[in-house]
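For reference, the structure is listed below as structure tokens.
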Amino acid sequence: MLRPAEEPHLFIRLYLDEDVFKDAARALRLRGFDAVSVHELNRQGLSDAEHLDYAASEGRTLFTFNLLDYLNLHIEYQASGKSHAGVIVSRQMPLGEVTRRLLRLLNTVTADEMRNQLWWLGS
């Protein structure tokens, strides 16, 4: 399902971290979601802080399998009063399962609800 451009505050735009499957962004785009990967943007090798700063500057929610580092960065953002578009963390799992869980989340949570939040991509 394609998302209407007139309500960008409602729909989560994703930035997939370096440790997430290269094909995950493509799989989400095929289903009508705005998703880009570190790999597609040639942003590999940056620090986690640089990735979160970039995602925040682009208004994109960051998705990662790297819970501990991004939990700490999320806490640092809160303590310093900085804002981000959200962080979704998950344990590593197969591409199909990641896609299924992300689609369920993207269809139930708005960008406004995701803002400055850390979400666990559960079952």
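Where a number appears in this text, it was derived from the coordinates with a stated rule and is not lab data. These numbers were taken from a predicted model, which means no experiment stands behind them. We place every Cβ from the backbone using ideal geometry, glycine too, and count neighbours over all the protein chains shown.
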Working only within segment 79-109, note down all residues that are within 20 Å of Leu67 (Cα to Cα), without any contact (Cβ under 8 Å) to a residue 12 or more places away in the chain and in a loop (DSSP other than H, G, I, E, B). Met93, Pro94
Restricting segment 44-62 to residues that are in contact with a helix residue (DSSP H, G or I) (Cβ under 7 Å, 6 or more places away or on another chain) and not small (Gly, Ala, Ser), the residue that is surrounded by the fewest Cβ atoms within 10 Å (Cβ to Cβ): Asp48
Scanning segment 16-62 for residues that are part of a loop (DSSP other than H, G, I, E, B), touching an Asp or Glu at 6+ places or on another chain (Cβ under 7 Å) and not hydrophobic (A, V, I, L, M, F, W, C) gives Gln44
From the list Ala25, Ala49, pick out the single residue that is under 21 Å from Gly122 (Cα atoms) and not polar (S, T, N, Q). Ala25
